[in-house]
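Enquirer: This structure is in structure tokens; I'll ask about it shortly.
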Amino acid sequence: MSYMQLSNRGKLTNKFCYFDLPEHLADSLFKQKGVKVKITDELGHPNIKYHAILCKVPKSQYQQFDDCMKQLAIKMLIFGNTDYEDFCMDMITNAGGKPNEEVN
């Protein structure tokens, strides 16, 4: 999975970190699904092609967000980024997190 939950303390939103290219391939997926994602920060490094995107997602739209993240992984493959899933897993694991499977 290409994202992890950062916090679930909000009453209406959950905070997530996902990985994307600087061109924001996920944005079109969010628009298609009608997911209201509020990007709160973007972290990148010149030597790393993927950026960490910190965001808030309404709890009521978690399933659509999850669908978008699954589609993002497929889109990355289509664009030739065959290392995307491994990169995400390494980053999430090294951050002491675990990939999202279910959100409260």
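Enquirer: In the range 57-69, what count of residues is obtained for those that are modelled with pLDDT under 95 and either within 13 Å of Q32 (Cα to Cα) or among the basic types (K, R) (or both)?
Expert: 1
Enquirer: Would the range 56-72 turn up any residue that is out of contact with any Pro (no Cβ under 9 Å at 6 or more places or on another chain), among the charged types (D, E, K, R) and within 11 Å of Y3 (Cα to Cα)? Break it down stepwise before answering.
Expert: As a first pass, look at the range 56-72 and keep what is out of contact with any Pro (no Cβ under 9 Å at 6 or more places or on another chain): 56-64, 66-72.
So of that shortlist, the ones also among the charged types (D, E, K, R) come out as 56, 59, 66-67, 70.
After this cut, where a residue has to be within 11 Å of Y3 (Cα to Cα) as well, the list is 66, 70.
Scanning the range 56-72, I find at least one residue that is out of contact with any Pro (no Cβ under 9 Å at 6 or more places or on another chain), among the charged types (D, E, K, R) and within 11 Å of Y3 (Cα to Cα), so the answer is yes.
Enquirer: Can you find, within the range 49-95, the residue that is surrounded by the fewest Cβ atoms within 10 Å (Cβ to Cβ) among those that are polar (S, T, N, Q) and assigned to a helix (DSSP H, G or I)?
Expert: By that ranking, first place goes to N94.
Enquirer: A further question on this structure: Can you name the residue in the range 1-11 that is in contact with a helix residue (DSSP H, G or I) (Cβ under 7 Å, 6 or more places away or on another chain) and in a strand (DSSP E or B) and is also farthest from L77 (Cα to Cα) among such residues?
Expert: Only one residue tops the list, namely M4.
Enquirer: Pairs needed: first member in the range 80-104, within 16 Å of K70 (Cβ to Cβ); second member anywhere, of a type in the set (D, E, K, R) and at pLDDT below 95; C-beta distance under 7 Å; at least 6 residues apart or different chains.
Expert: That search, which allows pairs on different chains as well, returns I92/K98.
Enquirer: Let me ask you something else. Go through the range 49-63 and count every residue that is closer than 17 Å to A95 by Cα and of a type in the set (S, T, Y).
Expert: Total satisfying the criteria: 1.
Enquirer: Hey, can you tell me all the residues within the range 18-40 that are within 19 Å of F87 (Cβ to Cβ) and without any contact (Cβ under 8 Å) to a residue 40 or more places away in the chain?
Expert: Within the range 18-40, P22, E23, H24 qualify.
Residue-wise test of (1) among the aromatic types (F, W, Y); (2) touching a strand residue (DSSP E or B) at 6+ places or on another chain (Cβ under 9 Å).
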{"residue": "M4", "(1), (2)": "no, yes"}
{"residue": "F16", "(1), (2)": "yes, yes"}
{"residue": "D41", "(1), (2)": "no, yes"}
{"residue": "I53", "(1), (2)": "no, yes"}
{"residue": "K56", "(1), (2)": "no, yes"}
{"residue": "Q64", "(1), (2)": "no, yes"}
{"residue": "F79", "(1), (2)": "yes, no"}
{"residue": "Y84", "(1), (2)": "yes, yes"}
{"residue": "N94", "(1), (2)": "no, no"}
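Enquirer: Filter the range 12-48 down to the residues that are β-branched (V, I, T) and not in a strand (DSSP E or B), then identify the one that is surrounded by the fewest Cβ atoms within 10 Å (Cβ to Cβ).
Expert: V35
The values are calculated or read from the model by the stated rules, or taken from the named source; none is laboratory data. On a predicted model such as this, the values are computed, not experimentally measured, just so you know. Quick reminder, even Gly has a Cβ in these numbers, built from the backbone with ideal geometry, and neighbours come from all protein chains shown.
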